[in-house]
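The values are calculated or read from the model by the stated rules, or taken from the named source; none is laboratory data. Computed from a predicted structure; not experimentally measured. Note that we place each Cβ from the backbone using ideal geometry, even for glycine, and neighbour counts take in every protein chain shown. Ligands, DNA and RNA are excluded from the accessible area calculation, which covers all protein heavy atoms including side chains. Shrake-Rupley method; radii C 1.70, N 1.55, O 1.52, S 1.80 Å.
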Amino acid sequence: MNYEQLVETLIGIFTVDKGVVKILLMHKKDEPYKGYWILPGELLNDKETLEDNITDVVCDKLGLPTMYIEQFHSFSNLNRNHEKRVIATTFIGLINNITLILRKQERENLELAWFDINSIPKMGYDHDKIVEKLINYLKKRIIDSNILKILFPSDFTIPELQKVYEQLLDIQIDRRNFRKRILNSGYIVSTGDVNEGNMGRPAKLYRFNDNKEEGNIF
């Protein structure tokens, strides 16, 4: 009986760009699955922990700043990699778009792209199933105010926040009811500024209330 197998880490990194939830994927340049998209990841060596490995992938390989990361799930199907036995431990990462723009470092040897979670491209291995599970997990967590604080640290409009809820929960929400509910909840407060970059009437900008205890908004 063979007890040898490889272990890899994979991470699904999410951000919000103008109210649209996006995930970061990597273009595979070699076989197998050349030309497909995959989740960023790395094989685990015998001198590092899972946490050290995924931190190295995020900070060094991808050129991304420090972000919120939590361990998600392990995938051990026997045929998930046709060349060898590989067990995947997956993580979910969350980063706000402002930090991403200001602190991201370009990596010439990697082709990375952000995709709308409703427009996932063709993926290699079993990564399409993993991405689906990651998105479903995020849908369950989105009602948690702490998750939203990570994705929306400051300077967002109520319509942007509503758009994220509608995308992840796959529902249509009445604009006036959403606005009333979110303002009455006390979870967000006005920054005193407005967004003047859009056509029409400037929209008020908000941030999450640091003095409000974490909880479920919906």
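Report, by residue number, each residue of the range 62-80 that is open to solvent by 60 Å² or more (accessible area, probe 1.4 Å) and more than 24 Å from Arg141 (Cβ to Cβ).
Asn77, Leu78, Asn79
Given Ile69, Ile54, which one is in a helix (DSSP H, G or I), within 20 Å of Ile130 (Cβ to Cβ) and not aromatic (Phe, Trp, Tyr)?
Ile54
Matching residues to (1) within 24 Å of Leu100 (Cα to Cα); (2) open to solvent by less than 60 Å² (accessible area, probe 1.4 Å); (3) among the aromatic types (Phe, Trp, Tyr):
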{"site": "Ile117", "(1), (2), (3)": "yes, yes, no"}
{"site": "Lys122", "(1), (2), (3)": "no, no, no"}
{"site": "Thr157", "(1), (2), (3)": "yes, yes, no"}
{"site": "Tyr165", "(1), (2), (3)": "yes, yes, yes"}
{"site": "Asp174", "(1), (2), (3)": "no, no, no"}
{"site": "Ile182", "(1), (2), (3)": "no, yes, no"}
{"site": "Thr191", "(1), (2), (3)": "yes, yes, no"}
{"site": "Phe208", "(1), (2), (3)": "yes, yes, yes"}
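With the checklist (1) within 22 Å of the chain's Cα centre (by Cα); (2) open to solvent by less than 50 Å² (accessible area, probe 1.4 Å); (3) within 20 Å of Ile130 (Cα to Cα); (4) not β-branched (Val, Ile, Thr) in hand, flag the one item Cys59 doesn't pass.
Condition not satisfied by Cys59: (3).
Residue by residue through the range 103-128, note down the ones that are in contact (Cβ under 8 Å) with a residue 12 or more places away in the chain and outside any loop (DSSP other than H, G, I, E, B).
Arg103, Leu112, Ala113, Trp114, Phe115, Asp116, Met123, His127, listed by residue number.
Just wondering, is there one or more residues in the range 137-155 that are open to solvent by 70 Å² or more (accessible area, probe 1.4 Å), without any contact (Cβ under 8 Å) to a residue 12 or more places away in the chain and of a type outside the set (Ser, Thr, Tyr)?
yes
Criterion first (over 19 Å from Ile54 (Cβ atoms), open to solvent by less than 40 Å² (accessible area, probe 1.4 Å) and part of a helix (DSSP H, G or I)) does Leu100 satisfy it?
no
I'd like to verify a number: residues in the range 18-51 that are out of contact with any Ser or Thr (no Cβ under 7 Å at 6 or more places or on another chain), outside any strand (DSSP E or B) and farther than 30 Å from Ile158 by Cβ, how many?
Going through the range 18-51 one residue at a time, the tally reaches 17.
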